[in-house]
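The values are calculated or read from the model by the stated rules, or taken from the named source; none is laboratory data. Everything numeric here is computed off the predicted structure, so don't read it as measured data. Ideal geometry is used to build each Cβ from the backbone, glycine not excepted, and the neighbour counts take in all protein chains shown. Side chains included, ligands, DNA and RNA excluded: accessible areas come from the protein's heavy atoms. Shrake-Rupley method; radii C 1.70, N 1.55, O 1.52, S 1.80 Å.
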Amino acid sequence: MAFKPALPLLTAAVAAAFSLSACTEDEIAQYCAANPTDSRCGAVQPQPNPTPAPIITPDNATIDSVNGAAGAALKAGEANTVRFTIYDDGKPLSGTRAVDVSIIQSNGNVQGTLSNGKQTLSTTINNGSGSFVITPAAGGKITVRMTVTETGDYFTRTLNVNAAATPVDPTPSDDPCANVGAPGKMQSTQAATQAEKCAILKAHNAARAAVGKGLPNLKWSDTLANIALAHSKKCKFQHSDTNYGENLWMGTSGYYTVTDGVNYWVNEKKNYNGQPIGQGNFSAYGHYTQVVWKSTTEVGCGYAKCGNNIIMTCNYNPAGNWTGQTPY
């Protein structure tokens with residue numbers, strides 16, 4: 001960027017022929033400071049100082065990528081790496097420059113922090129490109145301002161450029177099943193997929209909620225799941241000798257999901273009338289009472305292909321179905 005050179009000190013002879021009325025305020029001040037006896041000083045109407053053209057035009061910055069993906073949204077509650085470019089007259093700003101990155105909101109409510117734990121961070125850009133790490137605190141949209149400071153011969157100029165508001169996905173839920181799809185058909189020997197874990201929990205916890213007694217939701221246990229898978233692999237449709245509660249289900253391979261297996265047990269609810277365990281036909285309701293046992297907090301399941309069938313085992317901790325007690 002070109003700046004006007006300083007006005008040279010003039011000799012008296014040159015000054016006599018020099019028209020101060022063609023000079024700017026800064027030029028007159030410089031001249032008169034060096035020539036205080038010149039009668040024209042203070043009497044002339046100077047030309048206004050020129051307004052330097054901005055180095056960067058407003059809104060001339062782009063967010064190029066979030067976590068390596070162009071057009072991606074920021075993830076709330078997570079550290080996001082953002083790459084950006086600042087432009088000057090349609091071209092990336094040349095050279096290496098200092099930039100202050102700030103989080104701003106139109107309503108003044110700053111939500112989130114940069115990598116230093118604050119809302120403002122000093123960094124550098126090289127040929128217009130730079131990056132920063134931001135952790136938004138909530139969903140919605142967030143705007144980032146880049147501030148470039150230029151120092152010239154006569155002045156220091158600060159230019160603010162706002163990148164377009166970037167959407168922020170809602171804060172990730174603590175529930176690992178929040179965005180998981182439906183489970184597939186059981187047709188091989190394997191540990192439960194994430195979709196199957198979520199489906200098993202959903203079916204169990206729906207049955208527990210339906211009791212209306214405030215029973216706590218069950219949580220998934222990989223330890224119980226491994227024990228259940230090992231038992232299913234034996235391909236014997238009979239209970240194991242563990243100290244955990246246990247439900248078994250068997251069906252044709254490739255036709256059923258884990259939800260079908262759990263719902264088979266839950267459907268035994270129609271056979272249970274609130275009696276203590278051991279009374280009535282326990283084999284007709286015992287799977288259901290284990291599903292809704294009040295002190296059980298964990299479940300883990302696994303299934304195996306045995307011939308043309310699938311055997312699914314679910315283990316429970318603490319175990320339920322204690323003789324003489326009721327499930328809730």
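Please name all residue pairs, on different chains or six or more residues apart, with Cβ atoms under 6 Å, provided the first residue is in the range 232-245 and is within 15 Å of Val299 (Cβ to Cβ) and in contact (Cβ under 8 Å) with a residue 40 or more places away in the chain and the second residue is assigned to a loop (DSSP other than H, G, I, E, B) and not hydrophobic (A, V, I, L, M, F, W, C).
Gly245/Gly320
Mind telling me which of the residues Asn217, Asn321, Asn243 ends up being within 21 Å of Glu196 (Cβ to Cβ), among the polar types (S, T, N, Q), assigned to a loop (DSSP other than H, G, I, E, B) and open to solvent by 10 Å² or more (accessible area, probe 1.4 Å)?
Values: Asn321 fails: within 21 Å of Glu196 (Cβ to Cβ); Asn243 fails: within 21 Å of Glu196 (Cβ to Cβ).
Just a single option satisfies the conditions, and that option is Asn217.
Taking only the range 220-240 into account, find how many residues are polar (S, T, N, Q) and open to solvent by 70 Å² or more (accessible area, probe 1.4 Å).
3
If only one of Ala29, Ala6, Ala53, Ala43 is open to solvent by less than 80 Å² (accessible area, probe 1.4 Å), at pLDDT below 75 and either in contact with a strand residue (DSSP E or B) (Cβ under 7 Å, 6 or more places away or on another chain) or not in a loop (DSSP other than H, G, I, E, B) (or both), which one is it?
Only one candidate qualifies: Ala29.
Name the single residue, out of those in the range 289-328 being of a type in the set (Val, Ile, Thr) and free of Cβ contacts under 8 Å to residues at least 60 places away in the same chain, that is nearest to Asn217 (Cα to Cα).
Looking at the filtered set, the residue picked out is Thr289.
Taking the range 251-260 on its own, how many of its residues are crowded, with 16+ Cβ neighbours inside 10 Å and assigned to a strand (DSSP E or B)?
Counting residues in the range 251-260 that are crowded, with 16+ Cβ neighbours inside 10 Å and assigned to a strand (DSSP E or B) gives 1.
Give me the pairs: first residue in the range 273-288 and at positive phi, second residue open to solvent by 70 Å² or more (accessible area, probe 1.4 Å), beta-carbon distance under 8 Å, and six or more apart or on different chains, which are they?
As it stands, the answer is Gly278/Thr323; Gly280/Asn273, since those pairs meet every condition given.
Of all residues in the range 72-103, count the ones that are of a type in the set (A, V, I, L, M, F, W, C), open to solvent by less than 10 Å² (accessible area, probe 1.4 Å) and assigned to a strand (DSSP E or B).
Matching residues across the range 72-103 total 7.
If Asn263 satisfies all but one of (1) open to solvent by 80 Å² or more (accessible area, probe 1.4 Å); (2) out of contact with any Lys or Arg (no Cβ under 8 Å at 6 or more places or on another chain), what's the number of the condition it fails?
So Asn263 meets the others, but not (1).
Which residue out of Val292, Val266 is out of contact with any Gly (no Cβ under 9 Å at 6 or more places or on another chain) and among the β-branched types (Val, Ile, Thr)?
The conditions single out Val266.
Could you figure out which of (1) in contact with a Gly (Cβ under 8 Å, 6 or more places away or on another chain); (2) within 27 Å of Pro183 (Cα to Cα) isn't true of Thr323?
Unmet condition: (2).
Lys197 versus (1) under 26 Å from Asn243 (Cα atoms); (2) open to solvent by 70 Å² or more (accessible area, probe 1.4 Å); (3) of a type in the set (Lys, Arg): which is the lone unmet condition?
Tallying (1) under 26 Å from Asn243 (Cα atoms); (2) open to solvent by 70 Å² or more (accessible area, probe 1.4 Å); (3) of a type in the set (Lys, Arg), Lys197 fails exactly one: (2).
Would you call Gly280 buried (at least 24 other Cβ atoms within 10 Å of the Cβ) and either of a type outside the set (Phe, Trp, Tyr) or not in a strand (DSSP E or B) (or both)?
In short, no.
Mind listing whichever residues of the range 114-146 are part of a strand (DSSP E or B), at pLDDT 80 or above and surrounded by 13 or more Cβ atoms within 10 Å (Cβ to Cβ)?
Leu114, Thr120, Leu121, Thr123, Ile125, Ser129, Gly130, Ser131, Phe132, Val133, Ile134
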